[in-house]
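Single-structure report; data block below.
The values are calculated or read from the model by the stated rules, or taken from the named source; none is laboratory data. Quick caveat, the model's predicted, so the values are computed rather than measured. Backbone-built Cβ (ideal geometry, glycine too); neighbour counts: all protein chains shown.
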C-alpha cells in the first residue's frame, strides 16, 4: 500500500470538496431550460436575426429604437351591392303658355312725379363784376316720386349724368375765359351754356329729350341725348322693344311725322306787327308856343318768313317719345316725335292709331302705348 503524504492528502481532500460543491451549484432545472429554448425558437420564427455588430461597433454605436408595427383593425368586407330596379321614366310635360288675354294695364300716374326747375348762374372776373366770363342756364329734371326707389334712382342717375356733362362744359368755358382774361385783360365775347330737359309721359313710360348748347368765343356746340324709361321697371324702352318690325315702323312714322309738320305750318297764324306813325303839329298861341306831337298807331299784318319742312333724308336723328308733349293731349296712343335737321329741332305729336302705326306694335308696345 502506497503511503500518501500529509500535505498531498490535504490537497486531495480540498479538491474533492470543491468538485462536489461545483456539481451542486451547476444543477440545472431542465423544465425551465426547455421553456426558454421554446421561447427562443419562437423569436427566431417571428423575427429576422440582425447581423451581430463587431466589438468596435458595439462599443461606439448606441442601440437604435425599433418602431413597433402599427396594429390595423380588421374591417369587415363591404356587402356586395345589389342593383336597384329603375322606374319607367314618364314623358316630360310640354310647357304651358301663359295667357295674357286678361292682361290689365297698371296705371302709375298717381305714384309718379317729375319736377323741372329753372336755374341760372354766372361767373365774373375776380377783380371786376362788370367783366362777365360765362353764364349757365336752363332747367333741371328730377324724378321725385316713383313706384320704387330703384326706378326713381335709376332714372335720376341717367338724367343727372347728362346734366353733369353740361356742367362740365360750363366749367371748361369758364377756365377758357379766365385764361383769356389773364392774358389780354378783356373778354371779347362771354361764353354761354344752356341745358334743356323736355319730357313726355303716358302713365307707363317716361321719355326725356335732353340738349345743351355752348356758344361764345370759338364755341358752337350742340349735344343731344334721348331716353325712354318704363316707369314700372325702370328699364329702357326703344323702338325695337315695342315693335315687331322697327324698320317698317320708322318708315311709316317718318311719313306721318312730315305730314304732321306740314299741318302745323298750314295752321300757323300770320304774325302781326305794330307800327307807330308820328305827326308833329305846331300850334301857336298868344301866351305860349308849343309843339304838340300826335302819334297814330297802325297794325300791319305781315306774312311769317317761309318755313321749309326738311325732307325725310335730311333728318339726322328722329326720336320717338311715348306720350304727348303737352298735358292737353290727355289721351292714349299719342307719341311725340323729335327730329333734328341741320341743327334745327322739329317737334310733332302723332296719334298712332290714326297714322296706322299700331299694326307694327307687339304685345308690350300695345300695353305701354295704347
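In the range 168-191, is there at least one residue being under 23 Å from the mean Cα position of the chain (by Cα) and within 14 Å of residue 214 (Cα to Cα)?
For the range 168-191, residues under 23 Å from the mean Cα position of the chain (by Cα) and within 14 Å of residue 214 (Cα to Cα): present.
Just checking, does the range 297-315 include any residue being assigned to a loop (DSSP other than H, G, I, E, B), modelled with pLDDT of 95 or more and closer than 28 Å to residue 213 by Cα?
yes
Do you know which residues across the range 178-196 are surrounded by fewer than 21 Cβ atoms within 10 Å (Cβ to Cβ), within 25 Å of residue 337 (Cα to Cα) and either in contact with a helix residue (DSSP H, G or I) (Cβ under 9 Å, 6 or more places away or on another chain) or at pLDDT below 95 (or both)?
Correct list: 194 only.
Considering each residue of the range 348-366, count those that are without any contact (Cβ under 8 Å) to a residue 24 or more places away in the chain and either in the same structural domain as residue 210 (by TED's automatic domain parsing) or surrounded by fewer than 17 Cβ atoms within 10 Å (Cβ to Cβ) (or both), and give that number.
4
What number of residues within the range 147-200 satisfy the criterion of being in a helix (DSSP H, G or I) and farther than 30 Å from residue 124 by Cβ? Break it down into steps so the answer makes sense when it comes.
Here is the first cut: in the range 147-200, the ones in a helix (DSSP H, G or I) are 149-184.
Cutting the leftovers down to farther than 30 Å from residue 124 by Cβ gives us 149-158.
The total comes to 10.
Return the total of residues in the range 229-255 being under 17 Å from the mean Cα position of the chain (by Cα) and either over 16 Å from residue 370 (Cα atoms) or assigned to a helix (DSSP H, G or I) (or both).
5
I'd like the full set of residues that are closer than 16 Å to residue 346 by Cα and at pLDDT below 95, limited to the range 199-238.
199, 200
Of all residues being in a strand (DSSP E or B) and closer than 17 Å to residue 236 by Cβ in the range 133-146, which is farthest from the chain's Cα centre (by Cα)? Just the residue, please.
This residue is 141.
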